[in-house]
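**Student:** Would you mind keeping the following structure in view while I ask a few things?
All of the numbers you see were taken from the coordinates with simple rules; none came from a lab. In this text, all values refer to a predicted model and were calculated from it rather than measured experimentally. Here the Cβ positions follow ideal geometry from the backbone for every residue, glycine too, while neighbour counts run over all protein chains shown.
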Amino acid sequence: VSANSTTPADLDAPVRDFNHHSDPAVRVDPFTAFDRFRDERVFWTPELDGFWVLTRYADIRAVLRDTETFSNQSTSIPPIDWSRRLIPVELDPPDHGRYRTLLTRYLNGPAGTAIAAAVDRECVRLVERLAPAGECELVADFARPLQNALLIALFDVPDDEVPDFARVAGDLVQASDPARRGRAARDIMSYVDRAVAEYRAHGARGETGSLVEHLAGSEIEGRPLHQEELVNISFLMTMASIETLVTSVSFSFRYLADHPEHQRRLAADPGVAAAAADELLRLHSVVSISRVVTRDTEVAGTRIRAGERILLCLSLAGRDPHHYPDPASADFERDNRASHLAFGFGAHRCVGAKVATSGLTTALREWHAAVPEYAVPAGTVLVTGGGAAASLERLPLRWSV
Ligand code: HEM
């Protein structure tokens, strides 16, 4: 292994060539790709300007718990020079909590219930349409429309604007042309601008109120939110929810397609869907997050210095054999399955966790009620990707009708 200029001179820890973006193994399976590093509890990699990697559930959770020593400001790997901070995820306490409360209050109230119900309705509609066809491409035909239903409900997009909104949301993550992605980001921001202007002029449109209306009517430290704060939060909510649900649903179905015994179980016992959702999220924790160390400290018995970055690959936590016996197998009865870190842990734990888990649960229940047995057609090559969020390009499925 080649230590280079990004490696601290007096490093007293193992050094490994680890790169979660470009490692060829992530093209085959982003969840097992890093199992070969498990022998080390903690190591340094000189890749991507240098950073630490933790491999154990308990150590990853301990870092997430301590927001004073491990900050969320400028944690990106590789580092990017971006002056704007996403609210609330790139803020530390106490500022962080003031903004986060606005989101949890909204999603834990009637709006959260209404959004989950909209996703459920879309799920039923999609399954009814797809089941008689005998085949589909699950990512585009099922997972992405479900996520669009979530976004459309979150922003209460008027019916006639839905096709445009769905296209922009798709471009934001899928477009390979950076100019097109940039345009999509600006389109989302100007959508929020317009929604705020409309709310200020005419008040709320619906009964539960959209996210933007909720934020526009909220106060922080006795003052209304500034327009740029509102746009920033809405943009983060879009980015945070846009691909995560798609990939979590898609990877769950990829696993099930290879495990007919679990398909049969879900078809025979719809009540197991919630437990299955937790267990499949443990197995497919799609997000990797990072922290930057604020003061010299010790992690997993190793000295780490102020300013250094730590990657928390949540799928390493989800498949840590020290925490989950037989970690690579789904066991819907596993008693600690709900302890998974797919949504992070502590102060920044995902505010959309409830809505997302509910969406996956409904997807598992409705799908298996209508399509109890299915498989990936022989010879199909599945292409996956790593980085900050694992991805699955396509998932063709076939079943008999
Ligand atoms: C299965 C789908 C999802 C996964 C796997 C996921 C994962 C995560 C993770 C790991 C974090 C922690 C980030 C950190 O600690 O640095 C997070 C935070 C967050 N997520 Fe999600 N997420 C999902 C869906 C959603 C949805 C649907 C929404 C919006 C409705 C959302 C909104 C957010 C926000 C706003 C934060 C920042 C919270 C904070 O900083 O306090 N996520 N998510």
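**Student:** Report, to one decimal in Å, the Kirkwood hydrodynamic radius for the stretch 79-128 based on all distinct Cα pairs.
**Tutor:** Every distinct Cα pair counted, the radius reaches 13.4 Å.
**Student:** Separation between the ALA370 and ALA58 pseudo-spin-labels, each 7 Å from Cα along Cα→Cβ, expressed in nm?
**Tutor:** Result: 4.6 nm between the two label points.
**Student:** Going by Cα centres, the stretch 141-170 and the stretch 1-77 are how many Å apart?
**Tutor:** 35 Å
**Student:** Need the full-extension length gain, VAL162 to ASP29, defined as separation in residues times 0.36 nm minus the C-alpha distance. One decimal, nm.
**Tutor:** Fully extending the segment from VAL162 to ASP29 adds 44.5 nm.
**Student:** Can you tell me the mean projection area, over all orientations, of the convex hull of the stretch 204-276's alpha carbons? Units nm², please.
**Tutor:** 7.8 nm²
**Student:** Here is a further query. How large is the translational diffusion coefficient of the chain in µm² per second when you combine the Kirkwood radius over alpha carbon pairs with Stokes-Einstein at 10 °C and 1.306 mPa s?
**Tutor:** Using the Kirkwood radius from Cα pairs, D works out to 72 µm²/s.
**Student:** Okay, which of the stretch 274-309 sit inside 13 Å, backbone N to the point 7 Å along the Cα-Cβ direction of ALA9?
**Tutor:** Within reach of a label on ALA9, which here means backbone N under 13 Å from a point 7 Å along Cα→Cβ, the stretch 274-309 contributes nothing.
**Student:** Can you give the percent of C-alpha pairs in the stretch 41-138 whose distance is more than 23 Å?
**Tutor:** Result: 57 percent of Cα pairs exceed 23 Å.
**Student:** Here's another thing I want to ask about it. Test of the criteria: in the stretch 147-230, which trypsin sites (Lys or Arg not before Pro) are in a DSSP loop and have at most 16 other Cβ atoms within 10 angstrom of their Cβ?
**Tutor:** Answer in residue order: ARG205.
**Student:** Right, another one. Using +1 on the beta carbon of Lys and Arg, -1 on that of Asp and Glu, and nothing else charged, what's the dipole of the chain about the Cα centre, debye to 20?
**Tutor:** 160 debye
**Student:** Contact order normalised by length for the chain, with contacts defined as Cα pairs under 8 Å and 6 or more residues apart; what percent is it?
**Tutor:** 26 percent
**Student:** Once you sort the root eigenvalues of the Cα gyration tensor of the stretch 245-401 as a ≥ b ≥ c, which label holds: rounded (a/c under 1.5), prolate (a/b larger than b/c) or oblate (the other case)?
**Tutor:** Since a/c reaches 1.5 and a/b is larger than b/c, the shape of the stretch 245-401 is classed as prolate.
**Student:** Continuing with this model, one more query. Within the stretch 1-107, list the chymotrypsin sites (Phe, Trp or Tyr not before Pro) lying in a DSSP loop whose Cβ has at most 14 other Cβ atoms in a 10 Å radius.
**Tutor:** TRP82
**Student:** Next up: Among the GluC sites (Glu not before Pro) within the stretch 187-260, which fall in a DSSP loop and have no more than 12 other Cβ atoms within 10 Å of their own Cβ?
**Tutor:** GLU207, GLU221
**Student:** Report the Cα-based extents of the stretch 220-316 along its three principal axes, largest first, to the nearest Å.
**Tutor:** For the stretch 220-316, the Cα spread along each principal axis is 51, 45, 20 Å.
**Student:** Can you give me the distance in nm between label points at THR104 and ASP326, each placed 7 Å from the Cα along the Cα-to-Cβ direction?
**Tutor:** 3.6 nm
**Student:** Toward the positive end of the charge dipole of the chain, about the Cα centre and with charges on Cβ (Lys, Arg +1; Asp, Glu -1), which of TRP367, HIS202, THR238 goes farthest?
**Tutor:** HIS202
**Student:** Continuing with the same structure: Once both labels are modelled 7 Å past Cα along the beta-carbon direction, what's the GLN174-ALA378 spacing in nm?
**Tutor:** Placing both labels 7 Å along Cα→Cβ, they lie 3.1 nm apart.
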